[in-house]
1. Suppose the filter is out of contact with any Leu (no Cβ under 7 Å at 6 or more places or on another chain), in a helix (DSSP H, G or I) and within 26 Å of residue 200 (Cα to Cα); does residue 653 pass it?
2. Has segment 764-772 got any residue that is more than 20 Å from residue 847 (Cα to Cα) and either part of a loop (DSSP other than H, G, I, E, B) or touching a Cys at 6+ places or on another chain (Cβ under 6 Å) (or both)?
3. Suppose the filter is in contact with a helix residue (DSSP H, G or I) (Cβ under 9 Å, 6 or more places away or on another chain), at pLDDT below 95 and not in a helix (DSSP H, G or I); does residue 737 pass it?
4. On the given criteria, is residue 452 more than 23 Å from residue 360 (Cβ to Cβ) and either free of Cβ contacts under 8 Å to residues at least 40 places away in the same chain or assigned by TED's automatic domain parsing to the domain that holds residue 375 (or both)?
5. Out of the residues in segment 238-270 that are closer than 17 Å to residue 319 by Cα and part of a loop (DSSP other than H, G, I, E, B), which is modelled with the highest pLDDT?
6. Given (1) modelled with pLDDT of 85 or more; (2) under 21 Å from residue 683 (Cα atoms), where does residue 893 come up short, assuming only one miss?
7. With respect to residue 296, determine if the residue is among the aliphatic types (A, V, I, L, M), surrounded by fewer than 19 Cβ atoms within 10 Å (Cβ to Cβ), at pLDDT 90 or above and part of a helix (DSSP H, G or I).
8. Which of the residues belonging to segment 205-228 are over 12 Å from residue 9 (Cβ atoms) and more than 41 Å from the chain's Cα centre (by Cα)?
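The values are calculated or read from the model by the stated rules, or taken from the named source; none is laboratory data. Being a predicted model, the structure only gives us computed values, none of them experimental. Neighbour counts run over all protein chains shown; Cβ positions are idealised from the backbone, glycine included.
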Amino acid sequence: MAVLTRVSSPALIGRGEELTELRRVLGEVLAGGSACAVVAGEAGLGKTRLVRELLGGAGDVELLTGGCVEVGSDVLPYAPFVDVLSDLAAREGAAAVRALGGATGNELARLLPDVDDAPDVTAASTSRLYSALRSLLSGLAARRPLLLLVEDLHWSDRATRDLLALLAHRLPPRTLLLLTARTDEADEEHAVPRFLAQLAAAGAHRVELRPFTRAEQALQLSGIVGVPPTPARLDQVYARAEGNPFFAEELIALGAADVVPVTVRDLLEARVHALPPGTRRVVRAAAAAGRRVEHALLARAVDLDDAALDDALRHALDRHVLVTDGRAYVFRHALLHETVAASLLPGERARVHRRLAEALAATPSLAESRHGLAGRIAHHWLAAGDEARGRRASFAAAREAARTLAFAEALTHYERVIALPGDDEDLPVPRYRLLWDAAEVAHLFGAARRAADLVQQAIGCVDPAERHHHAYLHERLGRYLWMAAEGEHALTAYRRAVDLVPEDPVTHWQAAIISGYSQVLMLSGRFDEARAQAELAIDLARQVPDGRATEGHARNNLGVALAHLGEVDRGIEELRAAARIAREGSDDVDDVARAVVNLAAVLFDAGRFPESLAVALGGIATVEQLGLQRRKGIWCRCDAVDSLLVLGRSDEAEYLLREAFALHPEGIDAVRAHGMRGALALRRGRLDEARSELLSARRLGRHVVDGHLVLPVVRALLETLRWRGEWPAALDLAAEVRRRTWSDGDAAYLVPVLAAAAGAAADGAVAGQRAHRAAEERRWCAVAGELVAAAEGATQRPEFLLAPATAALAVARAELSRATGQDGARAWSDAAGAWQDLGDVYQAGCARLREAECLLADRRRAAAAVALRAAHGAAIAARARHLLRAVEATAARARLPLEDRPTDGVAPFGLSARESDVLCLVARGRTDRQIGAELFISHRTVERHVSNILAKLDAHTRAEIVAIAHRHGLVAPEPRRPVRGGQTPATMR
């Protein structure tokens with residue numbers, strides 16, 4: 001059979017639109033912008049070919065290329081970054097590469113070839129590596145436009161994806177991040193498709209490749225063989241290849257027209273079977289090594305002399321099964337490699353893998369790079385069936401992966417070591433230390449529940465003589481359990497740690513355990529105890545040489561405790577001090593972020609909502625800079641949403657919540673995120689959605705003991721049930737909550753719950769009154785009185801009652817007045833005033849509605865009209881559909897107008913309030929139906945309002961009224977997405 005001189009068409013076929021789109025994106029980058037683009041499609045559709053065509057016309061750009069690599073059933077961590085840094089180091093030197101990494105450039109040593117002085121792993125390492133890579137990219141892009149190509153994303157590890165997500169979110173100017181990915185290579189967790197969806201949501205361009213048409217396939221075959229195919233040959237190829245370019249190439253390369261394989265696997269196996277026997281043997285050995293294999297390593301894996309090996313490889317290269325770059329051999333396509341690897345017989349597979357393992361273990365220099373070498377060796381030993389050596393090599397691979405911050409891969413290796421039978425004396429650490437290390441990488445990976453399981457196993461086998469370790473393992477268990485939303489068990493674990501830690505002499509272990517205990521006490525509302533333990537931890541930390549970071553951690557806890565004990569300003573000072581300490585040491589970026597989050601929470605609980613919002617938005621920028629987008633970015637966004645909802649800016653809140661869920665919240669983050677989505681849905685009047693989301697938050701947080709997390713969810717669910725008319729269910733929920741023991745410090749969160757419950761009882765009393773069931777009315781009045789008394793009783797220590805809780809207490813008293821009919825209008829006016837002073841538009845609107853109802857009951861119609869108009873304006877401002885409907889229904893029953901009648905000197909052009917609202921939305925380009933949806937009126941009503949506006953403004957078209965409106969300042973600017981950044985205060989958790 002003649003050997004083809006080429007295996008692919010010299011011309012790019014059928015990808016004109018896709019290439020044009022990529023060139024457009026590249027053009028924007030060359031002009032000074034930045035972009036991320038993804039080329040996706042099934043195997044064999046030509047992703048690499050399309051990218052190569054783009055690069056061929058890219059001009060003078062800095063091209064960095066890296067690929068994700070599969071090693072057996074695992075993937076090589078950070079593989080594309082290792083490729084990029086290796087090439088850069090070869091061109092410019094390792095020292096120059098580290099210098100481009102800026103202040104944290106030493107972190108790049110983890111991924112640079114033949115560099116042994118990487119810093120020790122700390123909690124800040126991942127953040128510092130991200131900062132170094134971003135600095136590196138910025139420096140390169142400043143020299144000339146930068147194109148960073150990452151291929152085969154479907155084989156990426158979690159660490160690589162996390163790093164790519166962070167870089168994509170903050171690409172330097174003149175930088176294009178280009179990714180390729182197979183869409184037919186989904187892992188069990190669908191992590192890569194989710195990652196690609198996350199990139200798309202953040203604005204990445206996606207180019208999806210499709211199969212060739214029949215005409216395009218004909219052009220491809222013409223390019224390969226030099227003449228147009230016969231109709232019969234084209235039919236034969238197109239029927240089997242179905243427009244897949246790679247499959248068509250393989251069919252042509254197979255040669256014989258009468259051979260028509262049934263499946264792609266048959267096709268590729270036939271291609272390999274057509275090779276000479278010696279070549280087949282060498283190709284199978286190469287497949288066991290991976291898609292890419294070094295020449296020297298391959299020579300050790302096969303029993304052939306140099307001449308025979310060269311002859312066999314020459315046939316593989318001539319037949320386009322392998323290609324070479326002069327250093328190693330690579331299968332021309334991943335599918336070829338997969339097919340050959342699957343064809344190895346069991347005995348043959350074991351022998352080849354053993355030879356590969358022995359060769360790499362004895363002579364590590366056979367590998368092109370030491371990065372991931374331990375993982376390769378472990379894979380080969382295990383594939384050879386040698387579990388003892390595989391276990392030891394897996395331990396080394398776990399350590400290596402942890403050093404490079406690839407925590408998901410490190411956990412995979414540790415899990416193998418734990419699961420495989422063997423003698424722990426063969427390992428360099430005792431069993432409890434193995435489990436402890438595995439637990440810590442699980443925690444750093446974000447698998448809190450697994451971390452807790454592993455550290456519990458470590459506690460079960462720790463040597464009792466290791467007293468500090470025994471105690472600290474319980475501290476770690478407490479932290480992991482809290483992250484897994486297991487608050488009750490977390491508190492027990494922390495107490496046990498305090499009991500176990502030796503007190504003499506003072507050590508950093510003792511200081512860290514006491515500080516951790518103060519944190520969980522603070523989170524569970526035990527502020528007096530938290531303050532005492534935090535102050536003790538600060539004192540202990542100052543007595544040990546390495547206690548500065550622990551002092552900062554304890555000051556963080558102290559700041560929150562002081563604020564909730566009434567010393568808000570002093571608490572804020574402590575939080576800022578904690579952030580300064582965390583930034584000084586840079587060893588625990590989590591503490592920088594925690595200080596930010598806690599400051600936002602303290603300001604929110606104190607009713608200083610605009611300040612809290614500014615801190616939370618600044619916190620989003622901070623965690624992005626620190627590389628903590630997923631670990632802390634969700635929480636910062638939820639903090640910002642909390643304040644935005646209070647301030648009536650629900651559009652911005654919805655935008656931030658979409659971002660939060662795009663980060664896939666888990667554990668305690670999921671509790672918070674679903675709770676905030678439920679609160680948003682409630683304020684927008686989407687009551688079914690609110691109920692569903694809040695129930696999800698309660699289910700996810702069923703073991704959480706932190707009142708600041710649990711009680712706001714309960715309050716929102718109570719209010720949702722009431723708006724749905726399900727006040728008996730709301731009272732059942734309130735009874736369930738009251739049966740639970742809450743800390744004194746939870747009063748700030750418990751009082752609003754009791755106020756909402758008193759409202760449900762008042763609903764029952766009003767229902768009884770309307771149905772003339774006096775006994776029922778008296779019973780629910782008594783329940784309301786009991787709930788108000790409980791709310792007042794929860795505030796025996798006034799320092800716990802911060803401003804929002806004081807407003808909620810006013811609501812509780814007003815609800816009792818509504819139930820009993822005693823001067824309810826005055827009580828509701830006081831409550832509305834309290835919420836207005838705090839800036840909570842929605843709650844003030846709800847209170848004004850209740851005030852109007854009480855005024856109407858007293859036949860004070862003029863005053864009721866004023867209150868209803870205030871409630872009406874609040875409902876529109878807060879976009880609260882359910883409140884607006886209730887206000888309009890009340891006004892309709894009372895026959896009271898909700899719009900002021902125009903008078904001279906009021907409202908330019910004599911526009912009513914509703915006409916002004918319509919005009920504003922017309923100016924923003926809304927259609928009549930969109931305006932109706934936003935203002936909760938029919939589009940026919942909108943048409944009537946627009947006609948009135950045309951007449952009053954003496955205009956003839958919508959364009960004219962928009963021009964007049966802008967000229968006279970009649971419209972407000974459209975709300976924009978929340979602005980972040982600026983100064984970065986210290987903040988939270």
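1. Criteria not met by residue 653.
2. Yes: one or more hits.
3. In short, no.
4. Yes.
5. 255
6. Single failed check for residue 893: (2).
7. It is true that residue 296 is among the aliphatic types (A, V, I, L, M), surrounded by fewer than 19 Cβ atoms within 10 Å (Cβ to Cβ), at pLDDT 90 or above and part of a helix (DSSP H, G or I).
8. Across segment 205-228, the qualifying residues are 214, 215, 227, 228.
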